[in-house]
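Right, one structure below, let's go through it.
The values are calculated or read from the model by the stated rules, or taken from the named source; none is laboratory data. The structure displayed is predicted, hence computed values, not measured ones. Don't worry about glycine lacking a Cβ; one is built from the backbone with ideal geometry, like all the others, and counts go over all protein chains shown.
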């Protein structure tokens, strides 16, 4: 029985109104109480409801990954070719093609499976546990075993394991950015809210995968797994169609074109030889098979797969985990990167940089959570006593917890030994204040003993301030306040200057306001600090807002989430490469602009979320190319910005971490998820996961994508032009009556071995020097350009022009018995009759030599020298060695129907190769006049 049937009498009309019902109704609907469930009942519900997991979190099955390898048209062309070869008795040829298909699909499967396993490993590293009350006792369980009706406990630093209604709370604040996009923590409380209350304002609810910033609470689970708010988003995401990359579309289209071309060429030759000529049907069929085999680039899928896999491996070494191989190439075509600010462009570690105390401004050195730093005024060190009171206030009026993050693989041993890395748990702003005080020598444990906390007036978004009451070392009591500067100053009537309390004049209020605005213009988040040395007795243990008056102003602290040091250079590299970078953040416009200027964004124009909502789609389309910063945005705004850019023809990479970012990440041309602070849903929707959440990694990935695309284009040009030469040569030989000038198995050998091995090594060619100086290629420009098409045609003609004479010279001995044209020309002894086999061997070997010459001609266009890729040099050496083994070993001669070549034959091939190289050089010069593409 499903839960909806079980609770049919009392289940709410909608699954989202748990927030508006009384606790009594919630208990009744869930058949539970504040004591939670019995273990036996929880087990029964787990059987009915299923685990507390989101659909799709289990990852893609191995079988599905394997099946996806057979969706390429080229793969099916090869399968059909193998069947045809087997059908006419050429089992060796068929076996070779079948082996190629198996290699390609297994290789692709291994790479995709490894990527999927890496994603799953990331999830296992962040397994969530829940503290739950079962049988009236607290116990820790795997969060996937939670069920509706369980009572859970959360505290600062915990990930909320399920959707739950709050029963009790103490200063509870939750970061719901992953779900709502709001960067400010939400204060939680017990009670009911209206049925129409928006998700972001439901203060009595906790939601799965959000994070507790501070405080603690008890709640009853109301929804788990796919029924949770995050689960519903994930379910909708699963129904969205997977976007096919332009490269996938092009390779599929290429496979279909090749298939149609094979059918067309075979039909033309069959008709020509059967109707016009006098060729036996079997010979016609064998010629048609030869054309088919020569037209299919058997090595292309393997080379493409390996090249993408190597690119993915290089990117993984640079902290970018590729979830789908084809996306590696798609990165190279990106011309707009939409990026988050916090943690991607910045360190995500708020750092106090300036302090106002005793009417002076003091600079604070050091970044992040490093406690090393100095206090300077005009470059000279300042005694810490000058800033001690404001720092003490920031440390006392603070709820940060300090723990350890285990570094040992065995977490239990690490915890027992005390080894680990210091970890701060709490709001990033409070952590910044905590660290700043430590730089001045304060110890939070000693201070807590000297100034024990007696009470607290908690922070709320409406109050914008927080106050704590402490016993002082002299036995008295004092209150310490921090909050937004304007709210703190309005509660003060005095200030502390050089150890004396003086009146806070209107003139000083204006000066403080001016300093606050100056800090804000420099992208600093500013907090004000004050204290009250004379706390009334009735406000000591149960303080309220009446306490927050007649305060003594202590000063300001301005903090900044500093840009990552490598970001300005990485961003400049993207701009030089013609890639526009757009920052989309939830921060205010002033902060966003200041950060944008610091990291090097070209434009200072900022559009805020409210302004965006007032714009029509047409108005946004007119300005979107000129805006580099969108501030105060929600995840919905991200999707709209993405769609507008794509509608204008841009190829867009979109970063995201929160659940509501997932639709934008999923629909981007290249979706990028944050591996450190990202949610599982966003990772599942992404194409790439950044293991370090760093913008520079995106830049490196784009560079890698461009390199992969260049290499793919090079070997596509190389393989297709070679295959075009084979087709043209066979077609021409057949039309002039020579029959097969090269056999199908010889063609397979060329395509797979002597072409395939060098082509594979081209997949690791180094990048061209100007790779990040070019503009992104237009979206409509694919791998195969007009230049490559002309290359395929031109090279095919040149190969035929140069190789057909070789065949003719060595074939005449068979056509004219007793007369040897080659022998007569070269003075050989009478009676030597080379025949068809030698002529085919000359063409066979000539193709191998020509292809080696062709490799360097292609690479020369990218400014790559002969020895710039050691693997290619080795591959060419291997290809030549294998060809010699075919020519000069009995097994090779028998298998491939070849004759050993004499020195004079190599001389002929050498002359033909020189002519071929000269023709290509002239042809490239002509192409340079008409084509800009590589």
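The helices (runs of 4 or more DSSP H) found entirely in segment 689-766 that carry 1 or more residues being touching a strand residue (DSSP E or B) at 6+ places or on another chain (Cβ under 6 Å) and within 30 Å of residue 345 (Cα to Cα) are 695-735. Residues in segment 32-49 that are exposed (fewer than 15 other Cβ atoms within 10 Å of the Cβ), in contact (Cβ under 8 Å) with a residue 40 or more places away in the chain and closer than 23 Å to residue 226 by Cβ: 48 only. For residue 690, the requirement of being touching a helix residue (DSSP H, G or I) at 6+ places or on another chain (Cβ under 8 Å), buried (at least 24 other Cβ atoms within 10 Å of the Cβ) and touching a residue at least 60 places away in the same chain (Cβ under 8 Å) is met.
Inspect segment 761-773 for any residue being within 20 Å of residue 860 (Cβ to Cβ), free of Cβ contacts under 8 Å to residues at least 40 places away in the same chain and surrounded by fewer than 20 Cβ atoms within 10 Å (Cβ to Cβ) and give the result as yes or no. So that I can check it myself, show each step before the final result.
If we filter segment 761-773 for residues that are within 20 Å of residue 860 (Cβ to Cβ), which is where we start, we get 761-771, 773.
Of the ones still in play, those that are also free of Cβ contacts under 8 Å to residues at least 40 places away in the same chain are none.
The answer is no; no qualifying residue exists.
Okay, residues lined up against (1) modelled with pLDDT of 90 or more; (2) touching a helix residue (DSSP H, G or I) at 6+ places or on another chain (Cβ under 7 Å); (3) at negative phi:
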site: 573; (1), (2), (3): no, yes, yes
site: 576; (1), (2), (3): no, no, yes
site: 579; (1), (2), (3): yes, yes, yes
site: 587; (1), (2), (3): no, no, yes
site: 593; (1), (2), (3): no, no, yes
site: 599; (1), (2), (3): no, yes, yes
site: 603; (1), (2), (3): no, yes, yes
site: 610; (1), (2), (3): no, no, yes
site: 613; (1), (2), (3): no, no, yes
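Residue 576 meets the conditions (1) exposed (fewer than 13 other Cβ atoms within 10 Å of the Cβ); (2) within 26 Å of residue 375 (Cα to Cα); (3) under 41 Å from the mean Cα position of the chain (by Cα) in every case but one. The failed one is (2).
Can residue 414 be described as surrounded by 15 or more Cβ atoms within 10 Å (Cβ to Cβ) and at pLDDT below 90?
Against the criterion (surrounded by 15 or more Cβ atoms within 10 Å (Cβ to Cβ) and at pLDDT below 90), residue 414 qualifies.
In segment 845-864, how many are closer than 27 Å to residue 803 by Cα and outside any helix (DSSP H, G or I)? Give the steps one after another, and end with the answer.
Applying the first criterion (closer than 27 Å to residue 803 by Cα) to segment 845-864 yields 845-861.
Going one step further and asking which of them are outside any helix (DSSP H, G or I), we end up with 861.
Counting residues in segment 845-864 that are closer than 27 Å to residue 803 by Cα and outside any helix (DSSP H, G or I) gives 1.
In a loop (DSSP other than H, G, I, E, B) and either over 43 Å from the mean Cα position of the chain (by Cα) or at pLDDT 90 or above (or both): is that true of residue 10 in this structure?
Working: in a loop (DSSP other than H, G, I, E, B): yes; either over 43 Å from the mean Cα position of the chain (by Cα) or at pLDDT 90 or above (or both): yes.
Answer is yes for this residue.
Residues in segment 539-565 that are over 20 Å from residue 451 (Cβ atoms) and not in a loop (DSSP other than H, G, I, E, B): 545, 546, 556, 558, 559, 560, 563.
Grab the helices (runs of 4 or more DSSP H) fully contained in segment 617-675, keeping just those with 2 or more residues being in the same structural domain as residue 339 (by TED's automatic domain parsing), under 20 Å from residue 605 (Cα atoms) and in contact with a helix residue (DSSP H, G or I) (Cβ under 6 Å, 6 or more places away or on another chain). Working first, answer last.
Values: elements: 617-623, 635-647, 662-667.
Per the criteria, 617-623, 635-647.
Tell me which residues, restricted to segment 436-490, are part of a strand (DSSP E or B), within 45 Å of the chain's Cα centre (by Cα) and within 22 Å of residue 504 (Cβ to Cβ). Hits for segment 436-490 are 457, 465, 466, 467, 468, 480, 481, 482, 483. For segment 491-516, taking the residues that are touching a helix residue (DSSP H, G or I) at 6+ places or on another chain (Cβ under 9 Å) and closer than 25 Å to residue 592 by Cα, the one that is surrounded by the most Cβ atoms within 10 Å (Cβ to Cβ) is identified as 512. Going by what's in this entry, would residue 867 be described as exposed (fewer than 15 other Cβ atoms within 10 Å of the Cβ), modelled with pLDDT under 90 and farther than 15 Å from residue 909 by Cβ? So residue 867 fits the description; yes.
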